[in-house]
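To start, the structure itself, in structure tokens.
The values are calculated or read from the model by the stated rules, or taken from the named source; none is laboratory data. These numbers come from a predicted model, not from an experiment. Cβ atoms come from the backbone with ideal geometry, glycine included; neighbour counts cover every protein chain shown. Quick note on the areas: whole protein, heavy atoms, side chains included, nothing else; ligands and nucleic acids left out. Shrake-Rupley method; radii C 1.70, N 1.55, O 1.52, S 1.80 Å.
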Amino acid sequence: MSTISCGISKNMSDNFLDMLVFVRVVQAGSLSGAARELNFSLTVVSRKLSRLEERLGVRLVNRTTRSLSLTEEGARFYERCTKILTEIDDAETEATSGRDTASGLLKVTATYAFGRRWLAPILHEFQQAHPDLTVHLDTEDGLVNIVEAGYDLAVRFGALSDSSLIARQIAPNRRVICASPAYLDRRGRPEVIDDLLAHDVIAFGDPPNTHWTFADGRSANVTAKLTTNNGELAHRWALLGAGLVLKSIWDIKDDIDSGALEVVLPGAKLAAAPIHVVFPHSRLAAAKVRLCIDFLSQRLRKASPAEVSTDHG
């Protein structure tokens, strides 16, 4: 009986390791990248991937000397593997969470405006609660490859497009279309969505977002007269009366409340873009990541901006 149990355990261990190697190969984009991350030789990684494909009887990865891509079967298998590995990490996390402390270096990336106004004070507070931790915060409005750049987590708005990462929603986020009262007095206030097409628009992002989608499925393909990769610049242009801009309420609530900016089409709710923390699967078991996610979620949900006034006199 014990011999059978040992045999099963060894097979399961080998299968798990092959699965882990396969997932790391996909996430790293190459066998050599996975080998470096796992501290294995390239030969070992290649052998384990080949053994997994042989055992399953299907090719999982198309690989050449310069590129690597998933087959249809590989894509389905990768999705299941990441879920299994995540469940294992979650189980270990739950079992050890009571004794773990945050230490070492925590690298975070976020958009400039949100990072400056909201994350900077929260991460300072988090670091003060964990003296053995060093926090590094990078801010930029363009998306970065957090695996290649070595980030532990990223704070992002909206849905996750990269299936090789984990996303946890940590706070709601209402988006609004707004402009300065001076601009609206000069050009008129939109009454229906189609009216947006006749207005000057400020768009930002990489590329700038000119496709504004609403919760009911309607959309407007606006024409931007001013574009930038920086949300703070777009905000500044709106305050100067340059046109309409679509912004998160987290960024512009004070200006709405003070009257410096005014919400247009308040009855037309934009598609949701909640705030997520995004991180690689390999970071899940780190106490510094788990504790920071919980801390950010608690603080941001508590600080979430209330509904804004839509009166314009």
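Applying a threshold of 7 Å to beta carbon distances and a minimum spacing of six or more residues, or different chains, the list of pairs starting in the range 256-279 at a residue that is outside any strand (DSSP E or B) and ending at one that is of a type in the set (S, T, Y) reads I256/S309; D257/S309; A260/S180; L261/S180; P266/T310; A271/T213. All conditions in (1) open to solvent by less than 70 Å² (accessible area, probe 1.4 Å); (2) part of a helix (DSSP H, G or I); (3) in contact with a strand residue (DSSP E or B) (Cβ under 7 Å, 6 or more places away or on another chain); (4) free of Cβ contacts under 8 Å to residues at least 60 places away in the same chain hold for V144, with the sole exception of (2).
Filter the range 206-226 for residues that are open to solvent by less than 80 Å² (accessible area, probe 1.4 Å) and among the hydroxyl-bearing types (S, T, Y); which is nearest to T139 (Cα to Cα)? Break it down into steps so the answer makes sense when it comes.
Step one: of the range 206-226, the residues open to solvent by less than 80 Å² (accessible area, probe 1.4 Å) are 208-210, 212-215, 217, 219-220, 222, 224, 226.
Cutting the leftovers down to among the hydroxyl-bearing types (S, T, Y) gives us 210, 213, 219.
Working: T210: 23, T213: 26, S219: 30 Å.
So, considering only residues that are open to solvent by less than 80 Å² (accessible area, probe 1.4 Å) and among the hydroxyl-bearing types (S, T, Y), the one nearest to T139 (Cα to Cα) is T210.
Would it be correct to say that T43 is modelled with pLDDT under 90 and either open to solvent by 80 Å² or more (accessible area, probe 1.4 Å) or not aromatic (F, W, Y) (or both)? It is false that T43 is modelled with pLDDT under 90 and either open to solvent by 80 Å² or more (accessible area, probe 1.4 Å) or not aromatic (F, W, Y) (or both). Applying the selection to the range 13-36, what residues are surrounded by fewer than 16 Cβ atoms within 10 Å (Cβ to Cβ) and either over 19 Å from L56 (Cα atoms) or touching a strand residue (DSSP E or B) at 6+ places or on another chain (Cβ under 6 Å) (or both)? Scanning the range 13-36 gives S32, R36. Within the range 186-205, the residues that satisfy the criterion of being surrounded by 13 or more Cβ atoms within 10 Å (Cβ to Cβ) and either under 20 Å from L240 (Cα atoms) or not hydrophobic (A, V, I, L, M, F, W, C) (or both) are R187, R189, P190, D195, L196, H199, D200, V201, I202, A203, F204, G205. If you check S282, S297, S309 for being assigned to a helix (DSSP H, G or I), open to solvent by 10 Å² or more (accessible area, probe 1.4 Å) and at pLDDT below 85, only one passes: S282. State yes or no: is R59 part of a loop (DSSP other than H, G, I, E, B) and either in contact with a Gly (Cβ under 6 Å, 6 or more places away or on another chain) or open to solvent by 70 Å² or more (accessible area, probe 1.4 Å) (or both)? Criteria met by R59.
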